[in-house]
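Here's the structure, in structure tokens; my notes come after.
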Amino acid sequence: AELLGGDPGSLGLDLAQQAGRLRLQGRPDAAESTGRASSDSGPPHSAPAAALLDGSTVVRRRVDVEGPHGSRRVIDAEVRPVRMRYSGRSVVLLTMRDVTAEHAAEVALLERATTDDLTGLASRSEFMAQVDSAISAGPVGVLFCDLDRFKSINERFGHGEADRLLQVFARELVAALPPTATVGRLGGDEFAAAVPVRHDHDLDDHAESVRQAARRAGLSSLHLTTTVSVGTSWTGPDPRPAGEQSAPTAATLVEEADEALRRAKRTGRDRAAHFDTDMRAWRAEQTAMAAAVREHLEAGRVESAVQPVVDPRTGRVSGGEALARIRDADGELVPAALWIEAATRTGLIGAVDAQVLDRTAALIAALHRLHREQGRPDGALPVIGVNLSDSTLARADLDDWLLAVLGSHGAPLDHLVIEIPETVFPVIRDRSADALRRLKDQGAWVAIDDFGVGYASLAEVRDLPIDTLKIDRSFVVAEPGTTHEAILRASLEMARALDC
């Protein structure tokens, strides 16, 4: 009472004149009976101390109290029945402890664990927990989105302005969705929202609201039009046979919405896609493909086919490109498009790269020995390219690893072409540029594959050690007089200027 200005009533205690009329008020925090604690939550509670005299229950309450001049304190109070040793009388021992600072630290820690620091939205773990809780209450739809070309925005305006865009988008996102929605930032420029829905078609309107929120955020923060791609999923009826169905969870809903988001990205961005029956079947196929790739890797059955590179002026084979291949149970080749994505998504593509590089090194060494035996000059030995994935190119020991693989077969480095798909070029630029330069200094060739359909900027083409520019086929077969032909001619001039 002294802490609160001398007013015992401020603590929520009714100290009556009659014995046993003490009452303890507050929100239940925990109860202890016969030495065992149990949680007890509910509305504010009033416990008459006299009722405890005949039992052995210990009651604990954490009470938020108001002191003089509006100051607020948090008090831990405990009522414990005690029997006096000599008189045998039953009394109540009341203990109070000021835990204001401790309580504030707990609240701050909980807030940091459940709230995204930048946007104030739910963190990933908190979002998933809230969605799991909402699923039990009825059908729930999940919208998973990320801002289109956010990396370019980051590079153009800087991290500060990019962060401000994310903050504004977070506010617009909350305002655009119903009050019943749970909105979280899952990382980077990835956001998710869970909304109670009656049918998956209801998600179309919500997805459009998300797209409009992105436009407003870009215009108000950076004065440019920003777009967002959205993937949706929901907990509605599962059309699969009963034996194949599983109870929906926050994790599966987000995974399915992420899958739909990838489709939206692949089909042009600034659009929404729903995870439907076809995508569920595709996902099952991808799972089967990943299992097949893992089986081939473990058995060492990933094949390496070499596609020839022909000089159109002489008609002679001047090089080759090593391509990974796997076969189905009937021995037929599986189309690369079906299994490479599955290998990439499941983290197996690095192991595929390793097996193809090992076989390519063995082939280069065999050709090198053959040329020496036949007395041919090394200059006539074809160069062979290996298409490396972003996970392999991002290895911290990329140059040492490549040199070790080639060295184990005695293969000369100057007959290997390291091919980098343009789609991963910006991703690996900062992590791989130095390693690629060291490899080039020791004789390796560096090529950009599928140039013209990825995300490489002219600055990246300028700054990386490139020997070969492989222009995408869609431009090479362009009709005369079209914009594709103009891009082809410009690419050829740029390659010559870069001495590729």
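Points worth noting:
- Put simply, when 469-476, 208-215, 188-195 are sorted by average Cβ atoms within 10 angstrom per residue, most first, you get 188-195, 208-215, 469-476.
- Length gained on full extension, ARG97 to LYS151: 14.3 nm, using 0.36 nm per residue less the C-alpha separation.
- Packing-based order for 274-281, 446-453, using average beta carbon neighbours within 10 Å, highest first: 446-453, 274-281
- Separation in nanometres of the label points that stand 7 Å from Cα toward Cβ, at GLN167 and ASP434: 3.4
- Anisotropy class of the range 318-446 from Cα gyration tensor, a/c 1.5 cut: oblate
- In sequence order, calculated HN-Hα J values of the range 465-474 (Karplus, 6.51, -1.76, 1.60; Hz; x Gly/Pro): x, 9, 9, 9, 10, 9, 6, 4, 4, 4
- J(HN,Hα) series, the range 350-357, from Karplus relation 6.51 cos²θ - 1.76 cosθ + 1.60, nearest Hz, glycine and proline x: x, 5, 5, 4, 4, 5, 5, 5
- Linear extension gain, LYS265 paired with GLU111, 0.36 nm per residue minus alpha-carbon span: 52.1 nm
- In this Cβ point-charge picture (+1 for Lys and Arg, -1 for Asp and Glu), the range 191-318 has a dipole of about 660 debye about its Cα centre.
- The aspartates and glutamates whose alpha-carbon is closer than 14 Å to the alpha-carbon of LYS440, local same-chain residues fewer than 8 away aside, are ASP399, ASP400, ASP414, GLU419, ASP463, ASP467.
- Lysines with Cα under 27 Å of LYS151, excluding same-chain neighbours fewer than 8 positions away: LYS265, LYS470
- Backbone HN-Hα couplings from phi across the range 386-400 [Karplus 6.51/-1.76/1.60, Hz, Gly and Pro as x]: 10, 7, 9, 7, 5, 5, 6, 5, 8, 4, 5, 10, 3, 5, 5
- Distance between modelled label sites at GLU493 and SER318, nm, 7 Å Cα→Cβ extension: 2.2
- Each other residue within a Cβ distance under 9 Å of VAL79 adds +1 if Lys or Arg and -1 if Asp or Glu, for a net charge of +2.
Read the figures in this text as sums done on the coordinates, not as results from a lab. Everything numeric here is computed off the predicted structure, so don't read it as measured data. Neighbour counts are summed over all protein chains in view; Cβ atoms, including those assigned to glycine, are modelled from backbone coordinates with ideal geometry.
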